[in-house]
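Student: Please see the structure below; I have some questions.
The values are calculated or read from the model by the stated rules, or taken from the named source; none is laboratory data. The structure presented is a predicted model; accordingly, all values stated were derived computationally and were not measured. As a convention, Cβ positions derive from the backbone with ideal geometry for all residues, glycine included, and neighbour counts pool all protein chains shown. In case anyone asks, the SASA skips ligands and DNA or RNA and just uses the protein heavy atoms, side chains included. Shrake-Rupley method; radii C 1.70, N 1.55, O 1.52, S 1.80 Å.
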Amino acid sequence: KASNIVDNLASLKTRGMPYNVLSPTINYSNGGQYGNGLISRYKLSGIETFPLDSGGYEKRLLQKAVVNIDGRKVSVYNTHFSYNSAAVRKKQFEQVIAIMDRDPNKYKILTGDFNAKYSEFSVFKNYTVVNTEDTTYYDYSKNKIDYSAIDNIIISKNIQVVNSRIVITSFSDHFPVFAYLVFN
């Protein structure tokens, strides 16, 4: 029922991360929405939503917001690619790269659930992919974690990856990817 809807994005806000935006892909009949969300400690501006080719499957999009970090305009993108077809994902990768390449902001960060294999990320020639076949993650017992590139972070070459981590959780079949980044 509409009265039972929980705004999950708003419920994740904290004092240190008070800004959020939802770009819906599905409107439910009960009044709820499903889509891509961003939460930030920095004020979000320049919010845009770009539809992506979905190949007739569930609607997909690319979400964009601009944040100002120490005087730098940073474009932050978020997406959720189709799991149904590598051919559809190929088109989605091409669309996202074209949008990011046209962006006049110097600094760019793309996050998302890409539902992709490592090889599909090879299209990001002018960007750095954080979670690659060469990235190794360990649990708290120092055991290697076998994790794929499904969830990933892609950054412009003028941003350096200091470190990255994944958080093991039982809440989802995905593990959140975190990256510690420094501007060059």
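Student: Anything in the range 132-184 that is among the aliphatic types (A, V, I, L, M) and modelled with pLDDT under 85? List them, or say none.
Tutor: Within the range 132-184, Ile145, Ala149, Val167, Ile168 meet the criteria.
Student: Only one of Tyr127, Tyr77 is open to solvent by less than 40 Å² (accessible area, probe 1.4 Å), more than 24 Å from Leu9 (Cβ to Cβ) and within 15 Å of the chain's Cα centre (by Cα); which? Steps first, please.
Tutor: Values: Tyr77 fails: more than 24 Å from Leu9 (Cβ to Cβ).
Of the residues listed, the single one that is open to solvent by less than 40 Å² (accessible area, probe 1.4 Å), more than 24 Å from Leu9 (Cβ to Cβ) and within 15 Å of the chain's Cα centre (by Cα) is Tyr127.
Student: Residues Gly55, Gly35: which one is surrounded by 15 or more Cβ atoms within 10 Å (Cβ to Cβ), closer than 25 Å to Ser75 by Cα and among the small types (Gly, Ala, Ser)?
Tutor: None of the others qualify; the one that does is Gly35.
Student: Could you say which residue among Gly31, Gly71 is at pLDDT 90 or above and over 18 Å from the mean Cα position of the chain (by Cα)?
Tutor: The conditions single out Gly71.
Student: Which one is farthest from the chain's Cα centre (by Cα) among residues in the range 140-170 that are open to solvent by less than 60 Å² (accessible area, probe 1.4 Å), among the hydrophobic types (A, V, I, L, M, F, W, C) and more than 25 Å from Asp103 (Cα to Cα)?
Tutor: Only one residue fits best here, namely Ile145.
Student: Of all residues being of a type outside the set (Gly, Ala, Ser) and assigned to a strand (DSSP E or B) in the range 104-128, which is modelled with the lowest pLDDT? Just the residue, please.
Tutor: So, considering only residues that are of a type outside the set (Gly, Ala, Ser) and assigned to a strand (DSSP E or B), the one modelled with the lowest pLDDT is Asp113.
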